[in-house]
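The values are calculated or read from the model by the stated rules, or taken from the named source; none is laboratory data. A quick note: this is a predicted structure, and the numbers were derived from the prediction, not measured. Here Cβ is always computed from backbone atoms with ideal geometry, including for glycine, and neighbour counts include all displayed protein chains.
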Amino acid sequence: MQCILCAKPLEKYLYKNGFWIYRCNSCQLGQTDLKKDYKRFVKEFYSKGYYEGDPTRSAYADYELDKPLIVKNMSKLLSFVAPKKKTGKLLDVGCAFGYFVELALSRGYDAYGFDPSAFAVSKARELVGKKRILEGAIEEVAYPKASFDVITMFDVFEHLENPLADMKKLSGLLKPDGIIIIATGDTQSWAAKIMKRRWTFFIPPQHIFFFDRKNVTSLLRRAKLKPRRWYRVGKWLSLGYILHLARTTGESKIARVVYKFVKGTILMRLPFYVPMKDNMVILANKQP
Ligand SMILES: [Zn+2]
């Protein structure tokens, strides 16, 4: 495997969930060896179980049950967009059940979304209507060039197989004065450094790339995007989500036991504010 930024051979970094994560010695970019065809993987993996607590997937315990907390987190992210672009045409990349599209519509944006998951797309279309949601990956969807004021990409970047090609395409969809906002994990955050292999962001196979500020900047610049603002955000998470993540990725036996007791009870929805701030929220615009 080669670094997509430096074209240098990658070195083995850590093994988790049955997959090797490699790392570039030069730019520190991490990359999962997926060992299978990405397109087929996406179709199989992001199905019903991904959103409903499949024990073999480090994803969502119950995405619908967590909607109030998910929207609360999204609302925080939208507050970074509003001072730059109060209205306009907005595209949410990897829109899942369409919660962000719904939120943006309620705040006056002309919002659209797409997702490669057929299951998620059917939910999103129920929520915001068929014409606002497309099914497909970034390389597959067709929108007019230079047509969006805002593109949002929350917890999606790390799932991509070809982030450079994908960002080039998205950059082309932005109007010349458009902005893009990306939220992803930061391998240079204190949580990542302290937790090392137990860092909750290291969840192969769905997380494929692991960035920090420096290497993500160099990738974005190659896609003619220039980071302007950086933020870190804490997150509201439910007890169900935390336990499900811990039982599937933290390799925690206790979480496996406690999850069994909590599942199906009101305790699943118990909200926690997690100030780990192991993420980076990047607001970028097009380079002239
Ligand atoms: Zn590199």
Are any residues in region 207-225 charged (D, E, K, R) and either in a helix (DSSP H, G or I) or under 17 Å from residue 281 (Cβ atoms) (or both), and if so, which ones? 212, 213, 214, 221, 222
When you scan region 188-208, do you find a residue that is under 28 Å from residue 6 (Cα atoms), among the β-branched types (Val, Ile, Thr) and surrounded by fewer than 16 Cβ atoms within 10 Å (Cβ to Cβ), even just one? yes
So if I check each of 145, 123, which one is outside any strand (DSSP E or B), of a type outside the set (A, V, I, L, M, F, W, C) and surrounded by 16 or more Cβ atoms within 10 Å (Cβ to Cβ)? 123
Meets criteria (outside any helix (DSSP H, G or I) and surrounded by fewer than 16 Cβ atoms within 10 Å (Cβ to Cβ)) for residue 228: yes
Condition broken by residue 276, with the remaining ones in (1) at pLDDT 90 or above; (2) more than 19 Å from residue 53 (Cβ to Cβ); (3) within 17 Å of the chain's Cα centre (by Cα) satisfied: (1)
So which residues in region 238-288 are closer than 30 Å to residue 149 by Cβ, in a strand (DSSP E or B) and not small (Gly, Ala, Ser)? 279, 280, 281, 282, 283, 285, 286
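Results for (1) modelled with pLDDT of 95 or more; (2) of a type outside the set (Asp, Glu), shown as yes or no for each residue.
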site: 169; (1), (2): yes, yes
site: 178; (1), (2): yes, yes
site: 216; (1), (2): yes, yes
site: 236; (1), (2): no, yes
site: 251; (1), (2): no, no
Hey, could you check region 92-112 for residues that are more than 23 Å from residue 159 (Cα to Cα) and of a type outside the set (A, V, I, L, M) and say which is surrounded by the most Cβ atoms within 10 Å (Cβ to Cβ)? 109
